[in-house]
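Asks: After the structure tokens below, expect a handful of questions from me.
The values are calculated or read from the model by the stated rules, or taken from the named source; none is laboratory data. Since this is a predicted model, take the numbers as computed values, not measurements. Backbone-built Cβ (ideal geometry, glycine too); neighbour counts: all protein chains shown.
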Amino acid sequence: MAGRTRTGGLEEQLVEKLRRIETLHARAGSDGERVAAQQARQRIQARLQQLAAEEPPIEFRFTLSDQWSRHLFVALLRRYGIQPYRYRGQRRTTVMARLSRSFVNDTLWPEFQELQHTLSAYFDALTDRVIEQALEVKAGEAEERSEPQALAPVEHQASLL
């Protein structure tokens, strides 16, 4: 039960950190829990509408290599009222959306990258923890060693044929 409480606490911390990231990218002036997160989302949506009036939306194609990144990106788009899609025949790694270039460069992509970095760190730690508990060995990457010394060329006898 203690492990469940610990994991639950970690997840709550992760959710709060993700909310703070969203508030930061909405250029918020205050820092009050749910109200601030709602206001942050509204500020981003208002900025998106303002940019759409000033700068016509264009079609963007995003390629996201793993399902976690894709799910996060699609959720982020939907959160701001943007409808993600892909054309028949496009790979599942492709996400299309009509957005202003400024919104993508100044708000959406930086926020996505920060959220993605935070989630990846959490997933890495969670994966290592589960592997170590299940297999009772240290998880992680393989040991890195220096390059082996090159072997001297060896002359081979010519074929007898």
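Asks: Under 6 Å between Cβ atoms, which residue pairs at least 6 apart in sequence (or on different chains) link something in the stretch 83-105 that is surrounded by 13 or more Cβ atoms within 10 Å (Cβ to Cβ) with a partner that is of a type in the set (D, E, K, R) and modelled with pLDDT under 95?
Replies: Final answer for the pair search is SER100/GLU55; SER102/GLU55.
Asks: Which of the residues that make up the stretch 97-114 are assigned to a helix (DSSP H, G or I) and among the hydrophobic types (A, V, I, L, M, F, W, C)?
Replies: PHE103, VAL104, LEU108, TRP109, PHE112
Asks: Could you tell me how many of the residues in the stretch 26-35 are modelled with pLDDT under 70 and of a type in the set (A, V, I, L, M, F, W, C)?
Replies: Of the residues in that region, 2 qualify.
Asks: Consider ARG41 carefully, then state whether it is touching a Phe, Trp or Tyr at 6+ places or on another chain (Cβ under 9 Å) and either modelled with pLDDT under 90 or acidic (Asp, Glu) (or both).
Replies: Judged against the criteria, ARG41 is a match.
Asks: Touching a Lys or Arg at 6+ places or on another chain (Cβ under 6 Å) and of a type outside the set (Ser, Thr, Tyr): does that describe LEU64?
Replies: yes
Asks: Of all residues in the stretch 61-96 being basic (Lys, Arg) and assigned to a helix (DSSP H, G or I), which is nearest to GLN39 (Cα to Cα)?
Replies: Only one residue tops the list, namely ARG79.
Asks: Hey, another quick one. Which one is modelled with the highest pLDDT among residues in the stretch 53-94 that are in contact with a Ser or Thr (Cβ under 6 Å, 6 or more places away or on another chain) and more than 25 Å from HIS117 (Cα to Cα)?
Replies: PRO57
Asks: Can GLU144 be described as loosely packed, with under 10 Cβ neighbours inside 10 Å, of a type in the set (Asp, Glu) and on the phi < 0 side of the Ramachandran plot?
Replies: The answer is yes for GLU144.
Asks: Show the residue pairs that are 6+ apart or on different chains and have beta-carbon atoms under 7 Å apart, the first residue being within the stretch 115-127 and assigned to a helix (DSSP H, G or I), the second being of a type in the set (D, E, K, R).
Replies: Cβ pairs passing all conditions: THR118/LYS17.
Asks: Out of curiosity, is THR118 within 14 Å of the chain's Cα centre (by Cα), at pLDDT 80 or above, closer than 30 Å to GLN133 by Cα and surrounded by 14 or more Cβ atoms within 10 Å (Cβ to Cβ)?
Replies: yes
Asks: Okay, next question. Any chance you could count how many residues in the stretch 121-141 are closer than 28 Å to ARG70 by Cα, charged (D, E, K, R) and loosely packed, with under 12 Cβ neighbours inside 10 Å?
Replies: Residues in the stretch 121-141 being closer than 28 Å to ARG70 by Cα, charged (D, E, K, R) and loosely packed, with under 12 Cβ neighbours inside 10 Å: 1 in total.
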